[in-house]
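Visitor: Below is the structure I would like to discuss, written out as structure tokens.
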Amino acid sequence: MRALARAPAAAGSGRPPDWLRRRLEVALRVRASPARARVACSSSTSVVPAAAPAPASGRQCPQPGMFPELNNLLNTTPDRAEQGKLTLLCDAKTDGSFLVHHFLSFYLKANCKVCFVALIQSFSHYNIVGQKLGVSLTAARECGQLVFLEGLKSSVDVFFRAQAEPHPLQFLRSASLQPCSEVHTWEADAGNLQPLYEFVREALKPADDGQAAWRCPVLLVDDLSVLLSLGMGAVAVLDFIHYCRAAVCWEQKGNIVALVHDSGDAEDEENDILLNGLSHQSHLILRAEGLATGFCRDVHGQLKILWRTPSQPAAQRDRSLTYQYKIQDKSVSFFAKGMSPAIL
Amino acid sequence: MAAAATCGTGAGNKGCTAAAAAAAGKNNVTSFQRKGPRASVPDSGCARLVSIAGTRPSVRNGQLLVSTGLPALDQLLGGGLAVGTVLLIEEDKYNIYSSLLFKYFLAEGVINGHTLLVASAKEDPADILQELPAPLLDDNCKKDFDEDVCNHKTPESNIKMKIAWRYQLLPKMEPGPVSSSRFGHYYDLSKRMPQELIEASIWHGFFFPEKLSPTLNIEPCSLTHGYIKLLQFIQNVIYEEGFDGSNPQKKQKNILRIGIQNLGSPLWGDDICCTENCDNSHSLTKFLYVLRGLLRTSLSACIITMPTHLIQNKAIIARVTNLSDTVVGLESFIGSERETNPLYKDYHGLIHIRQIPRLNNLIYDVSDVKDLAFKLKRKLFTIERLHLPPDLSDTVSRSSKQIPAASSRLLGPDCGVMAGGRKHLDF
């Protein structure tokens, strides 16, 4: 077993980094005694991945919900979530929505006030997955912790019926015929995301009575590429994020998490502009990619984590890590490249 | 029809208990809910299974599924098409097989008693309904299948493989009907659907040239006129017939099957198939978004065929794929050089499952087989794993060496649904 641990090190130069050695030892130890590991982590999610999270720093067993391994990789727990950060989630040739579910349950567990702009799926979808991860979105919505904007349902309301007051998704009606009227009139505004920004700001503003019921406000957007498909330009979406950053990250010391699809070789210029613009502004980039060699049943993709400091000079190097992952029914297991338990 | 309903409920109850058993013990709140309309159901709070004819719950997440009319495709999509989602078929070059899939979908709706909504800019919906294939019913289907299956199976079943015995352990794709469930039906393309069945069904037709209003203003809108009319029509039908739960007097719930043919073609007034930089490039994507919003809030399922091979701008295809739930691409060999290629002599085309949605779940059913080919026999549309026949030439000539290389190149990029990689890697 020792020889196995040292073999990859011999191939490289010098000793393997500490984190790799620790993970290898834990992996080999867990494989040797699966029963003990299962009992120890009984409170966590039922599937025990081979590379179990190493309780090296004396932390307790990870809480149920979210993806505890991802928390370890990102070096955060719900108790000490950072503030004032913009996190960019990006997926290329695969589906990165598991990251959205992770951050949603993470921030709800962290007792933050969350405004979720869900443009791509319905509320019940997130609710059911959230229940698997240990949070109840209906309860959070009822007690006011979660403000949920359901894009699909609201789009039907906005499109077919003229609204009295400005609706966050009003841009769907912009420069289009009013469908229900005989006379063909069209609205003069070019359609921008300002109503959406007002909605977000209204949802996340602190309570009037001055007591901080929740820790910090968080804006979660799933996903921004849909706004491009709905007629907004890349610059309009970048402006929207900029305004939200000013209001949420700087003014209220909150966080923003947004998902953008990377179109890859589809040559979507607007999407590339949006992605590059956001990459330069964000503090943390999580990029889920498909494997270069194609489909694999045991390894679903590769996750690149990049920590950035946008305001610091470039002399400070950005830290980057790459892991491969496999999505299971209620969790995601991460392992170093080539260390999938199916292969070892 | 009644037999189908009872069988549907029988299978449904089995699925219900399986899913409920899986859900029990996880949290104190059961995660199994009926997923008909995605939004709040008027009688929300009851997690019982609603037995609608022709539907069954998915064993994985309790999602309500309808059959696409093609049991082989149902298998690949994880049991069927989820109610409330869009199935996008990327048409093959001459629109032969995609119109077949379209007709199978509608025929399945007629058999199960679902309400149909057919929208087309090319053919009158009444004509489309007249051309639906006839279903293969139980009594004569067994007889007909036996002869097909006998021809197919006798060489294999009698002889146990001696040399390549590992291949016997490979799972076979089901070519024939599974007799126990009546969820999917088989259709005979040589016969038409009996007239009385069509007349007994409720259907709404949208023929775009008829709905064009005589006064057509030049409108600087972002949705083309045809799409707006179609959306209004669909919303009207959903509202009037109570598919979104707005009409509480309706006792018997039913599914609305929407079929839209050739969406995006110039006949709808959209020019994304004509030029690369079109004026209203957001028209189609906005339409899809609002359509999906309508579907999610009602008991309906939609099939759309789209000539994506004509769309010049690849970015639009990527956006359309992201906005649809299930995307299946058809590639027929007719007219291409592969028609005469001896490798493909058994098949009529390739079928690519480009996207399967992850609904209410982190994972989804994905088959391991990524290279799928279809062939159309008179009574059967089969989808099989693409097998390259063995190279039996006496001399390994240069020409025969090139053919496998070319075919492996086309198998390479088709990396599948979950994770696509870069194009072709040379080893």
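Visitor: If only one of B:Gly259, B:Gly242 is more than 24 Å from B:Ser99 (Cα to Cα) and more than 14 Å from chain A (Cβ to nearest Cβ), which one is it? Give the derivation first.
Guide: Numbers: B:Gly259 fails: more than 24 Å from B:Ser99 (Cα to Cα).
On inspection, the qualifying residue turns out to be B:Gly242.
Visitor: Return yes or no: is A:Val200 part of a helix (DSSP H, G or I), modelled with pLDDT of 80 or more and among the hydrophobic types (A, V, I, L, M, F, W, C)? Show your work before the answer.
Guide: Numbers: part of a helix (DSSP H, G or I): yes; modelled with pLDDT of 80 or more: yes; among the hydrophobic types (A, V, I, L, M, F, W, C): yes.
Judged against the criteria, A:Val200 is a match.
Visitor: Of the residues A:Arg287, A:Arg245, which is charged (D, E, K, R), part of a strand (DSSP E or B) and modelled with pLDDT of 90 or more?
Guide: Working: A:Arg245 fails: part of a strand (DSSP E or B).
Criteria check complete, one pass: A:Arg287.
Visitor: Going through the range B:342-351 one residue at a time, which ones are touching a residue at least 12 places away in the same chain (Cβ under 8 Å) and under 16 Å from B:Leu376 (Cα atoms)?
Guide: The initial filter retains those residues of the range B:342-351 that are touching a residue at least 12 places away in the same chain (Cβ under 8 Å), namely B:342-344, B:346-351.
Across the range B:342-351, the qualifying residues are B:Tyr344, B:Asp346, B:Tyr347, B:His348, B:Gly349, B:Leu350, B:Ile351.
Visitor: Hey, A:Val226 hits all of (1) part of a helix (DSSP H, G or I); (2) within 14 Å of another protein chain (Cβ to nearest Cβ); (3) more than 23 Å from A:Leu146 (Cβ to Cβ) but one; which does it fall short on?
Guide: For A:Val226, the failing item is (3).
Visitor: While we're looking at this one, here's another question. Taking the range B:262-291 as the search range and keeping residues that are of a type in the set (A, V, I, L, M) and free of Cβ contacts under 8 Å to residues at least 60 places away in the same chain, which one is nearest to the other protein chains (Cβ to nearest Cβ)? Give the steps one after another, and end with the answer.
Guide: First, pick out the residues of the range B:262-291 that are of a type in the set (A, V, I, L, M): B:263, B:267, B:272, B:284, B:288, B:290-291.
After this cut, where a residue has to be free of Cβ contacts under 8 Å to residues at least 60 places away in the same chain as well, the list is B:263, B:272, B:284, B:290.
Numbers: B:Leu263: 15, B:Ile272: 13, B:Leu284: 9, B:Val290: 5 Å.
Among those that are of a type in the set (A, V, I, L, M) and free of Cβ contacts under 8 Å to residues at least 60 places away in the same chain, it is B:Val290.
Visitor: Hey, among the residues in the range A:263-282 that are within 21 Å of A:Gln302 (Cα to Cα) and at pLDDT below 90, which one's nearest to the chain's Cα centre (by Cα)?
Guide: A:Ser263
Visitor: For the list (1) away from every other protein chain (no Cβ under 12 Å); (2) of a type outside the set (D, E, K, R); (3) in a loop (DSSP other than H, G, I, E, B), I need the number of the one condition that A:Leu275 fails.
Guide: The one condition A:Leu275 does not meet is (3).
Visitor: For the range B:59-82, which positions are more than 12 Å from the chain's Cα centre (by Cα), surrounded by 22 or more Cβ atoms within 10 Å (Cβ to Cβ) and part of a loop (DSSP other than H, G, I, E, B)?
Guide: Residues satisfying the conditions are B:Asn61, B:Gly62.
Visitor: If I filter the range A:141-168 down to residues being buried (at least 22 other Cβ atoms within 10 Å of the Cβ) and touching a Leu at 6+ places or on another chain (Cβ under 7 Å), which single residue comes out as farthest from A:Leu227 (Cα to Cα)?
Guide: Per the stated criteria, the residue is A:Leu146.
Visitor: Looking only at the range B:292-316, how many residues end up being buried (at least 22 other Cβ atoms within 10 Å of the Cβ) and within 8 Å of chain A (Cβ to nearest Cβ)?
Guide: Final tally of qualifying residues: 5.
Visitor: Now for a separate question. Only one of these conditions is not met by A:Leu70: (1) over 19 Å from B:Arg296 (Cβ atoms); (2) in a strand (DSSP E or B). Which number is it?
Guide: Only one criterion is unmet by A:Leu70, namely (2).
Visitor: Of these, A:Arg308, A:Arg287, which one is charged (D, E, K, R) and within 14 Å of another protein chain (Cβ to nearest Cβ)? Outline the logic, then answer.
Guide: Working: A:Arg308 fails: within 14 Å of another protein chain (Cβ to nearest Cβ).
Just one listed residue meets the conditions, A:Arg287.
The values are calculated or read from the model by the stated rules, or taken from the named source; none is laboratory data. For clarity, every value in this text was computed on a predicted model and none was experimentally measured. Neighbour counts are summed over all protein chains in view; Cβ atoms, including those assigned to glycine, are modelled from backbone coordinates with ideal geometry.
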